[in-house]
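The values are calculated or read from the model by the stated rules, or taken from the named source; none is laboratory data. What you see is a predicted model, and the numbers here were worked out from it, not measured in a lab. As a convention, Cβ positions derive from the backbone with ideal geometry for all residues, glycine included, and neighbour counts pool all protein chains shown.
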Protein chains: 4
Amino acid sequence: MPFTYNRTVHFQDTDAAGVVYFANLLSICHEAYEESLGTSGINLKDFFTNQSVAYPIVHANVDFLRPLFCGDKLLISLIPQKLGVDKFEIAYEITVDDVVVAKAITRHVCIDASSRSKQELPDEIIQWLETNRRDAEGAERRKSREIM
Amino acid sequence: MPFTYNRTVHFQDTDAAGVVYFANLLSICHEAYEESLGTSGINLKDFFTNQSVAYPIVHANVDFLRPLFCGDKLLISLIPQKLGVDKFEIAYEITVDDVVVAKAITRHVCIDASSRSKQELPDEIIQWLETNRRDAEGAERRKSREIM
Amino acid sequence: MPFTYNRTVHFQDTDAAGVVYFANLLSICHEAYEESLGTSGINLKDFFTNQSVAYPIVHANVDFLRPLFCGDKLLISLIPQKLGVDKFEIAYEITVDDVVVAKAITRHVCIDASSRSKQELPDEIIQWLETNRRDAEGAERRKSREIM
Amino acid sequence: MPFTYNRTVHFQDTDAAGVVYFANLLSICHEAYEESLGTSGINLKDFFTNQSVAYPIVHANVDFLRPLFCGDKLLISLIPQKLGVDKFEIAYEITVDDVVVAKAITRHVCIDASSRSKQELPDEIIQWLETNRRDAEGAERRKSREIM
């Protein structure tokens, strides 16, 4: 099964149109990424703050299928994929009551935090990528079998 | 026991000084308030969006005792208090590993959402105030007995 | 010339990695859109709050070419384009000292705010689209002539 | 005259109640502080990011007198005051069309960024405090004379 993150829409996520402000949904996806890293044993403070290596986002996109309201119970599922020796991307699917309401992608490169030059993904993140990829593929295979 | 809310510090809560950006802690306290309302059976979408009555914050303050870092596991406890027929305030205590790291207060008035004139607190919120106040007082009494 | 918006990177825009948090750049682009609407005489409060018609974002994407730091002076240029009777998109180019540091797109549909069904773009926004498109095309033509 | 900062309320500043989300007004005040530092010649990137000395906020409070809407043109005036060898506070007054709509305070301590122990305010910030204090006092004196 892919990693999933439960998140209630907060009042602060909304705007004067009464729904979630578009850019905030990407932040909610990033929370799912952080939760997934933490669950796999990565220290979030070290990973995001005291790091010699960083994983800045070089691309992000998001599609909204339905409006999201304060109090909505979101389920965010997350599937990461290695794209090369120094980059990966994460696909997010956001559902409410089993209905897909939005989809998003973030693409990350691995850099040396001081020189900001690209570098190979360290073991810690490769292991996270493999675990979450394998989990997601298992879910895909099970889903295929159920269809057949 | 007072209502408590668990919240991990997200990357987005932090700033370039490496710690939680000050105003974001007030938003985290507001999340605790929302969670407490939801737990008591109040529909958050109706309460915050489709409402004829609103509870705008007229005062807020926050004291920081320690810096907060990405990944820190916050526990926010919340004690509301009725201040009159048309207002209430909420005291928040934020702890990490049983150490108080910050305290905050939000003061709310009850208004008619279209005319924006003050009005008496409706039953729904009075019940929420009484339940959470009683819960908190129970905890205070138990704490006093333990000390004696 | 396309519409441009000047914006200094605020401390709040940054995260513990010391640079602008990715989703915040989309919010900064949205500010440029708001400023452009206001400059063309549209009342922002009515447009975003009291509206019978709304323009929710159904897609957004952003590419980051360089990190952005607190205090950086951004120049955001904005080129909108009508995509049909009920939708438009806006392309943003973000530069610092004449160097492109990021690009983004937001795609908007026009809906009836209460029924949330699609409706034709009203005159107000068509005029904004035409003015800003013409301005941008003028700049393109001048740039072509300079090259020739 | 005290330092003033002009700021239009953005869509992102608002929430589903249609007005500025309370904590966002403190962020807007912090923008005024940043703008004031920048105007006095302080490099914001160094000040907030690469610093050996930091000025974390230990207390903040805000009072709301009127609701603020998307598109409102805010004028934030800022008066800092030295509170000791290692701390200062800033008083903010937010007006719309010459009407005071909110007031806020932030209190800052000066620390060594790595050890996080208190240290004396460096010359750079003392000069900023004195300049902005003197400017503000000049305005107060002129106002008193006008009254007499």
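Listed here are the residues, each with its yes/no results for (1) farther than 28 Å from A:Gly71 by Cα; (2) at pLDDT 95 or above; (3) of a type in the set (Phe, Trp, Tyr).
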residue	(1), (2), (3)
D:Phe3	yes, yes, yes
D:Asn6	yes, yes, no
D:Ala23	no, yes, no
D:Glu31	yes, yes, no
D:Leu37	yes, yes, no
D:Leu44	yes, yes, no
D:Phe48	yes, no, yes
D:Ser52	yes, no, no
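State which residue is nearest to C:Asn24 (Cα to Cα) when the search covers only the stretch B:6-35 and only residues that are assigned to a strand (DSSP E or B) and more than 11 Å from chain A (Cβ to nearest Cβ).
Out of the qualifying residues, it is B:Val20.
Which residues, taken from the stretch C:83-125, are hydroxyl-bearing (Ser, Thr, Tyr) and either in contact (Cβ under 8 Å) with a residue 40 or more places away in the chain or under 18 Å from C:Phe3 (Cβ atoms) (or both)?
Answer for the stretch C:83-125, where residues must be hydroxyl-bearing (Ser, Thr, Tyr) and either in contact (Cβ under 8 Å) with a residue 40 or more places away in the chain or under 18 Å from C:Phe3 (Cβ atoms) (or both): C:Tyr92, C:Thr95, C:Thr106, C:Ser114.
In the stretch D:128-145, is there at least one residue being closer than 25 Å to C:Val9 by Cβ and modelled with pLDDT of 95 or more?
Checked against the condition, which is being closer than 25 Å to C:Val9 by Cβ and modelled with pLDDT of 95 or more, the stretch D:128-145 yields at least one hit.
Out of the residues in the stretch A:47-78 meeting the condition of being of a type in the set (A, V, I, L, M, F, W, C) and away from chain B (no Cβ under 14 Å), tell me which one is nearest to the chain's Cα centre (by Cα).
Looking at the filtered set, the residue picked out is A:Leu78.
Exactly one of these conditions fails for A:Ala104: (1) over 22 Å from C:Tyr21 (Cα atoms); (2) modelled with pLDDT of 95 or more. Give me its number.
(1)
Going by the structure shown, is B:Ile79 in contact with a helix residue (DSSP H, G or I) (Cβ under 6 Å, 6 or more places away or on another chain) and either of a type outside the set (Phe, Trp, Tyr) or surrounded by 14 or more Cβ atoms within 10 Å (Cβ to Cβ) (or both)?
Yes.
Looking only at the stretch D:36-45, filter to residues that are facing chain C (nearest Cβ under 8 Å) and part of a helix (DSSP H, G or I); which one of those is nearest to the chain's Cα centre (by Cα)?
Pass one, the stretch D:36-45, residues facing chain C (nearest Cβ under 8 Å): D:38, D:43-45.
Of the ones still in play, those that are also part of a helix (DSSP H, G or I) are D:38, D:44-45.
Values: D:Gly38: 12, D:Leu44: 14, D:Lys45: 18 Å.
Taking the candidates together, the pick is D:Gly38.
Restricting to the stretch D:48-82, give me the number of residues that are under 16 Å from D:Thr131 (Cβ atoms) and either in contact with a Pro (Cβ under 8 Å, 6 or more places away or on another chain) or in contact (Cβ under 8 Å) with a residue 60 or more places away in the chain (or both).
Residues that pass the stated criteria total 3.
Every residue in the stretch D:96-131 that is assigned to a loop (DSSP other than H, G, I, E, B) and closer than 19 Å to D:Glu34 by Cβ, please. Give the steps one after another, and end with the answer.
Of the residues in the stretch D:96-131, the ones assigned to a loop (DSSP other than H, G, I, E, B) are D:97-98, D:110, D:113-117, D:119-122.
Those that are assigned to a loop (DSSP other than H, G, I, E, B) and closer than 19 Å to D:Glu34 by Cβ: D:Cys110, D:Ala113, D:Leu121, D:Pro122.
Restricting attention to the stretch B:32-40, does a residue exist that is farther than 30 Å from A:Asp46 by Cα, polar (S, T, N, Q) and without any contact (Cβ under 8 Å) to a residue 12 or more places away in the chain?
Looking for residues that are farther than 30 Å from A:Asp46 by Cα, polar (S, T, N, Q) and without any contact (Cβ under 8 Å) to a residue 12 or more places away in the chain, one finds none in the stretch B:32-40, hence no.
Do the conditions hold for A:Thr49, that is, is it surrounded by fewer than 21 Cβ atoms within 10 Å (Cβ to Cβ), among the β-branched types (Val, Ile, Thr) and out of contact with any strand residue (DSSP E or B) (no Cβ under 6 Å at 6 or more places or on another chain)?
yes
Pull up the stretch C:93-108, narrow it to residues that are surrounded by fewer than 21 Cβ atoms within 10 Å (Cβ to Cβ) and not charged (D, E, K, R), then point me to the one that is farthest from C:Glu31 (Cα to Cα).
In this case the residue turns out to be C:Val99.
Does C:Thr95 fit the bill of being out of contact with any Leu (no Cβ under 6 Å at 6 or more places or on another chain) and within 24 Å of D:Thr8 (Cα to Cα)? Give the steps one after another, and end with the answer.
Details: out of contact with any Leu (no Cβ under 6 Å at 6 or more places or on another chain): no; within 24 Å of D:Thr8 (Cα to Cα): yes.
It is false that C:Thr95 is out of contact with any Leu (no Cβ under 6 Å at 6 or more places or on another chain) and within 24 Å of D:Thr8 (Cα to Cα).
Of (1) of a type outside the set (D, E, K, R); (2) assigned to a loop (DSSP other than H, G, I, E, B); (3) buried (at least 18 other Cβ atoms within 10 Å of the Cβ); (4) more than 10 Å from chain D (Cβ to nearest Cβ), C:Ile90 satisfies all except one. Which?
In the conditions (1) of a type outside the set (D, E, K, R); (2) assigned to a loop (DSSP other than H, G, I, E, B); (3) buried (at least 18 other Cβ atoms within 10 Å of the Cβ); (4) more than 10 Å from chain D (Cβ to nearest Cβ), C:Ile90 misses (2) alone.
Given (1) facing another protein chain (nearest Cβ under 7 Å); (2) touching a strand residue (DSSP E or B) at 6+ places or on another chain (Cβ under 8 Å), where does A:Gln81 come up short, assuming only one miss?
The failed condition is (1).
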